[in-house]
Amino acid sequence: MLRASLCLIAASAAAIHLPCAPRASRCTMAAKRKRPPPPRPPPKGFGTHRAHGGSRLLHADYDALCAWLAASPSASLDRVAIGEFGGMRGVMAVRDIAAGEEIVSIPAHLAVDLGAQSVDPLAAARRLLAARATDGGAHAAYWRLLPQEGSADLCTPDFMSDEQLRAVQWPPLVAQTRERAQRLRAAPSGGEGGGFSERELRWAVWIVLSRVLTVLGPDGQGHKLLIPFLDMFNHKASSKHYLTGRTDGLLRVVAGEKVRSGEQVYIVYGDAQTSNVEFLSHYGFIDPAAGRADRAVVRANPEAVHELRLTTLEDDLAYLDANPNAPYKERLAIELRVALKKAAMKEGLL
């Protein structure tokens, strides 16, 4: 489960992939208004595919993050800025960037290391909460920009009501979500909580699943890192940009093709096998480009397809069309089952 949400940044410059990250919904955040800066769009999302039209976001929290990172001589942020694209926050090029050129570079020592690679997000979640509580403000500019507990940005199945969860019509995801919820409920009293509450642990697990990158260290192990600024890049399946670096050096995003000034800069979460089940589970969005991976998921779980027959594809599409203002998590649940029904039909399973 966690392995699917991580990427391995190797020492070479070979193309790699971010988690399925994100980092990743279109949910909205409430803006602070007092001689207002622009409202802050959500911290991650699939975003839009507009080539131009981005505008630079001016906000004290963004300025503080960039100033903190830029204080390190080896950081490089001058080619990009945090921008707004049709209600979504993302990374915007502020000048033309050539293929092969570095887009952004973050010193690895500014990342938050949550330990060696593991399939268990709860262990990393405990380390995250402990790091936030004890770092003495060293990463304060970064912590302020993370969606907090109770934020509307927390749109994954872990934060859905039971009714919304059942609406996905996909038993493997329902079972996985309920199993994780049961473990989180038991963690504080069962010795796995590290002194943190169920609510805190659920939030931290979401941060781990949606934002952590696994990066190769000099010890040969994959270290789970939270990397400031890099987790603001949104996802686009066709993006050619890639990440490279090590825990003892620089963590970089490199242009795989030319980027024009004003464009949003995307990266890829996951890989060609990353399905919409994973995108929803880890980030809270649906990617229309993940159809091939969705077909692999339904092929691998033919016994689960029967749940998709509870409603018809036509009825689901009609509901989404007639209810554009339905609760966002409800729409996400229906969008997932729509994607899986289309995949199952192409596989001859529906």
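What follows draws every value from the coordinates through simple rules; no lab data is involved. It should be emphasised that the depicted structure is a prediction, and the values quoted were computed from it without experimental measurement. Virtual Cβ from ideal backbone geometry, glycine too; neighbours counted across all protein chains shown.
List of remarks:
- Among residues of segment 316-332 that are under 14 Å from GLN164 (Cβ atoms), those with a beta-carbon under 6 Å from a residue that is of a type outside the set (S, T, N, Q) and not in a helix (DSSP H, G or I) at least six positions away or on a different chain give the pairs TYR328/CYS27; LYS329/CYS155; LYS329/MET160.
- Residue tally, condition over 17 Å from ARG79 (Cα atoms) and of a type outside the set (Val, Ile, Thr), over segment 223-273: 19
- LEU154 vs. criteria crowded, with 23+ Cβ neighbours inside 10 Å and among the aliphatic types (A, V, I, L, M): no
- Of all residues in segment 157-191, those satisfying the criterion of being of a type in the set (Gly, Ala, Ser) and over 21 Å from the mean Cα position of the chain (by Cα) are ALA167, ALA175, ALA186, ALA187, SER189, GLY190, GLY191.
- Restricting attention to segment 244-257, the residues that are over 11 Å from ALA108 (Cα atoms) and in contact with a helix residue (DSSP H, G or I) (Cβ under 7 Å, 6 or more places away or on another chain) total 1.
- The criterion of at least 1 residues that are more than 23 Å from GLY195 (Cβ to Cβ) is met by the following helices (runs of 4 or more DSSP H) wholly inside segment 94-169: 140-143, 162-166.
Residue by residue, here is whether (1) in contact with a Ser or Thr (Cβ under 6 Å, 6 or more places away or on another chain); (2) at negative phi; (3) charged (D, E, K, R) holds:
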| residue | (1), (2), (3) |
| --- | --- |
| PRO172 | no, yes, no |
| ARG183 | no, yes, yes |
| PHE196 | no, yes, no |
| LEU209 | yes, yes, no |
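- Set ALA318, ALA344, ALA255, ALA290: member being over 29 Å from LEU216 (Cβ atoms), surrounded by 13 or more Cβ atoms within 10 Å (Cβ to Cβ) and of a type outside the set (S, T, N, Q): ALA344
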